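The values are calculated or read from the model by the stated rules, or taken from the named source; none is laboratory data. In this text, all values refer to a predicted model and were calculated from it rather than measured experimentally. For neighbour counting, all protein chains shown are included, and Cβ atoms are generated from backbone atoms with ideal geometry for every residue, glycine included. The protein model used for the area step is the full one, side chains on, heavy atoms only, and it has no ligands, DNA or RNA in it. Shrake-Rupley method; radii C 1.70, N 1.55, O 1.52, S 1.80 Å.
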Amino acid sequence: MVPIGSGVGAALRFLAAVLDARAVVEIGTGTGVSGLWLLRGMRPDGVLTTVDVETEHQRLAKQTFTEAGVPAQRARTIPGSALDVLPRLTDGHYDLVFCDGDKREYADYLKEAMRLLRPGGVVAFDNALWHDRVADPAQRDEETVAIRELGRTMQEAEGLLPVLLPVGDGLLAAKKEWIPE
Ligand SMILES: C[S@@+](CC[C@H](N)C(=O)[O-])C[C@H]1O[C@@H](n2cnc3c(N)ncnc32)[C@H](O)[C@@H]1O
């Protein structure tokens, strides 16, 4: 479990701040490093909902948030597998969805994020370069292929405005556009 570095952290904090985020979903709590960057960019009353399959990771993340002085009500940690938990979250309620869980599930996270985000909200995926394997067509392992396909899907999808930020191991973000009725 590798936490994000400061480049990705600053980009996430920036996104949360420009979105004036009140509600953020994170997939892959880890020990709370990315969560703390997100919380620092969000509104002071904003709530981070963070999901992880490992309860021990979430215990460490809660400790990270407490030590950083984050009020308990600002971080909602939900244990469980992302694809079990995400369907229980409210449609159109979230400003930002940050994905850093199982790379092989990234396409499913995108589908869930499109439902969870308000129009104008942003979805972001860590490890979009996957240690430079995504750009090398000879690399065909499951995770590399999943991330490569996600990039194509996001580039071609109607209603998404994507950008690949070359920070850390790559942060692939997209704005969910307003679609006229
Ligand atoms: C790279 S770490 C997250 C690091 C964290 N975002 C940070 O920067 O501090 C990936 C995390 O995703 C969790 N994870 C893996 N597969 C998952 C799944 N299917 N659902 C939810 N969490 C998952 C792992 O337990 C691990 O804590």
Condition test on residue 76, is it touching a strand residue (DSSP E or B) at 6+ places or on another chain (Cβ under 8 Å) and either within 22 Å of residue 105 (Cα to Cα) or more than 11 Å from the ligand (Cβ to nearest atom) (or both)? yes
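Open to solvent by 40 Å² or more (accessible area, probe 1.4 Å), within 12 Å of the ligand (Cβ to nearest atom) and not charged (D, E, K, R): is that true of residue 33 in this structure?
Details: open to solvent by 40 Å² or more (accessible area, probe 1.4 Å): yes; within 12 Å of the ligand (Cβ to nearest atom): yes; not charged (D, E, K, R): yes.
Taking the combined requirement at face value, the residue satisfies it.
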Restricting to segment 6-29, name every residue that is open to solvent by less than 10 Å² (accessible area, probe 1.4 Å), within 12 Å of the ligand (Cβ to nearest atom) and either polar (S, T, N, Q) or assigned to a loop (DSSP other than H, G, I, E, B) (or both). 29
Output for segment 117-143, where each listed residue is in contact with a Phe, Trp or Tyr (Cβ under 7 Å, 6 or more places away or on another chain) and within 16 Å of the ligand (Cβ to nearest atom): 124, 125, 143
Could you run through segment 36-71 and say how many residues are β-branched (Val, Ile, Thr) and either touching a His at 6+ places or on another chain (Cβ under 7 Å) or surrounded by fewer than 21 Cβ atoms within 10 Å (Cβ to Cβ) (or both)? 6
Tabulated pairs, segment 63-88, first assigned to a helix (DSSP H, G or I), second of a type outside the set (Gly, Ala, Ser) and at pLDDT 95 or above, C-beta under 6 angstrom, 6+ apart or interchain: 64/31; 74/47; 82/27; 82/51; 83/108; 85/51; 85/78; 86/112
